[in-house]
Structures are given as C-alpha cells and as structure tokens.
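Every number here is computed from the coordinates shown, using simple stated rules; none is lab data. Here the structure is a predicted model, which means the values were calculated and not measured. Cβ atoms come from the backbone with ideal geometry, glycine included; neighbour counts cover every protein chain shown.
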Amino acid sequence: MAVSAMIGVSGMASAQTAGAPARTTAPAAAAPSMRLSGMPQRDTLIRMQRPITIDFTDVTLEAAMKFIAEVTGADMEVMWSDDQNSIGLDKEKIINLKIQRRTALDALERLLEKATTESNGPGGNTWQISEAGTLQVGPKERLNRFKRIEIYSVRDLLLEIPNYANAPDFDLQSVLQNSGQGGGSSQSPFREQGDQDQVTTRPMQDRVDELIRLLTELVEPEQWVENGGDGASMRYYQSSLIVNGPDYIHRQLAGYPYWSQRATRYTMSKGRRYVTLGVDTAWSGLNGIQNVPVTPPK
C-alpha cells in the first residue's frame with residue numbers, strides 16, 4: 001500500500017503543448033480497482049474509467065486526443081479528416097477545456113462536443129468500441145461504416161394484458177342464505193354481466209409498429225433508415241428485433257454486457273448514458289459480509 005501511494009503521488013503526468021500551454025494531470029499508474037479482465041472490449045472501458053483532471057488552454061484537438069490515449073493506455077482509432085476522407089475530425093481544431101477529477105470517458109465526450117465543425121457531417125461526433133476492443137472516435141457518418149447485426153428478443157415488451165372491465169358480481173346475500181338452510185346449493189354466487197367475453201386487444205402488428213417507432217424516435221433518430229438516414233435498420237421477426245447498425249447504436253439499445261459495476265459507479269453523478277446496463281457478476285461484491293472464525297462448542 002505504501003508503494004502504491006508513492007507511485008500515485010509521484011506519477012502525476014503533465015503535458016505541455018508547443019505554442020499552446022496546457023496543464024493536464026492524471027494518475028500514471030493504474031489503480032487496483034482498474035485491474036484488467038482479459039476481454040479487449042471490457043479492458044478498453046476500464047481504462048477509460050480512470051479519473052483525470054485536465055486544463056486545456058488553446059490546445060489542438062490532435063494533442064488532446066493523444067494525451068487521453070497516452071494517459072489511459074486505451075487503443076484509440078481517431079477518424080481524422082484528410083485527403084481521402086472529407087468527413088472527419090479536424091486535427092488543428094483549438095480546444096479549451098477544464099475538467100476536475102472526472103473519468104477519461106467523460107473528458108473524451110466533452111472533447112467531441114467541442115470538436116464539432118462542418119467537416120464532421122450532420123450527425124455529430126461520438127465513440128464506439130470495435131470487436132477487437134479498439135476505441136473508435138469520430139463523426140457518426142464515419143462510424144456508420146462499421147456495422148454488425150444483433151437480435152433482441154422483445155416478447156416481453158409486446159405482451160399486452162387484457163383489461164377485464166366486466167368482472168362478474170359476487171352475490172354474498174345468496175351465499176349466506178344457502179348456508180343458513182344447512183344444505184348446499186347448485187346455484188353459483190357469481191352473477192355474469194353483459195358482454196363478459198368480449199375482451200379486445202390491439203393487433204400484434206400495431207404493437208410492433210409502436211415499439212419500432214419509439215426506438216427510432218428516441219435512439220439516434222437521424223441515423224435510422226426508417227427516418228431517412230443510413231446508420232442502422234430495424235426489422236421484426238418472430239418476437240425479435242433484428243438491428244443492423246454500428247456499435248454506438250447497439251450500445252444505446254441494450255448497453256454493454258461487459259460494462260463493469262465499478263465503472264457504472266464512476267458515472268452515476270451524471271446519470272447513465274445507456275438504455276440498460278448488463279449485470280456484471282465478475283465485479284460484484286457483498287456489502288457487510290465477512291469471514292468470521294467460529295469455535296465449535298466443547
């Protein structure tokens with residue numbers, strides 16, 4: 001513990017950009033809570049959850065991105081604009097940003113907000129994680145090239161419980177009279193009301209259309225093919241939604257199954273940025289439970 005504390009104090013990294021002073025600090029050694037798991041995607045998220053403090057003053061976007069990559073150790077692929085790609089991030093974009101002890105992922109999202117230019121395209125900027133664990137950063141129009149197909153079961157979302165408004169009446173008076181006579185009765189105490197069996201539910205296709213409309217309106221509405229975009233498409237088949245789209249859209253639909261519980265705690269001050277988060281039992285623990293030696297009675 002003493003060695004770790006010394007490393008944490010002496011390992012504060014500072015960066016100075018030529019021609020544009022910038023004060024940036026971040027822990028140089030990974031904390032014990034940031035131990036890696038061996039899964040590339042999860043390891044990237046763990047690295048990006050490291051708390052950092054930065055103060056960028058007139059720093060180029062390229063230098064800012066390079067600093068975050070060096071401090072976290074994450075494998076980052078930045079989609080820059082160049083001779084072959086007119087849509088991309090501008091390396092020479094001047095950034096002024098101050099963040100006090102927030103995660104590197106928060107800092108990256110703030111950088112992407114400030115990096116918005118005409119060369120980013122109409123959709124704005126974001127990040128996603130590739131199947132190899134690389135953190136891809138850039139305009140959504142560039143990230144849309146990396147698509148994959150996911151199947152989401154939505155059977156529980158389409159279930160509609162009928163509303164039985166005409167429940168039968170219970171004739172308590174007849175029950176008491178029959179019991180007082182000392183014998184049973186074949187007459188039912190329930191009194192049926194009119195139209196008892198006429199319970200209607202919405203057609204399945206209407207429920208499917210409503211669910212698709214909600215998702216395409218709430219999650220990246222400009223990117224869906226159904227709304228005129230080219231980022232993702234959605235189809236319904238046998239109680240499941242088949243979605244073909246980039247990772248940043250899948251992340252907002254179902255979250256990351258490998259998102260660690262500790263990483264979730266770091267971002268709770270801003271609220272969750274995903275629709276759902278998978279339960280990560282590998283990082284879970286029991287609060288208030290500890291081993292206690294027990295001596296058997298003599």
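For this structure, a couple of remarks:
- Which listed pairs, of Lys66/Lys147; Lys66/Lys114; Lys91/Lys114; Lys93/Lys114, have C-alpha distances above 18 Å, in listed order: Lys66/Lys147
- Ordered by the count of other Cβ atoms within 10 Å of each Cβ, fewest first, Val243, Val154, Val292 give Val292, Val154, Val243.
- Going by neighbour counts of Cβ atoms within 10 Å, the residues Phe67, Phe56, Phe146 line up, fewest first, as Phe146, Phe67, Phe56.
- Between the beta carbons of Thr53 and Asp169, assuming R0 = 51 Å, the FRET efficiency works out to 0.15 to the nearest 0.05.
- Charge sum, other residues only, whose C-beta stays under 13 Å from His250's C-beta, Lys/Arg counted +1 and Asp/Glu -1: -1
- Sorting Met48, Met204 by the number of Cβ atoms found within 10 Å of their own Cβ, with the fewest placed first, yields Met204, Met48.
- Calculated FRET efficiency, Glu118 to Glu70, Cβ-Cβ distance, R0 = 25 Å: about 0.30 to the nearest 0.05.
- Rounded FRET efficiency, nearest 0.05, which uses the C-beta distance separating Ser37 from Asp230 and R0 of 45 Å: 0.85
- For the range 39-132: relative contact order, % (alpha-carbon pairs under 8 angstrom, 6 or more apart): 36 percent
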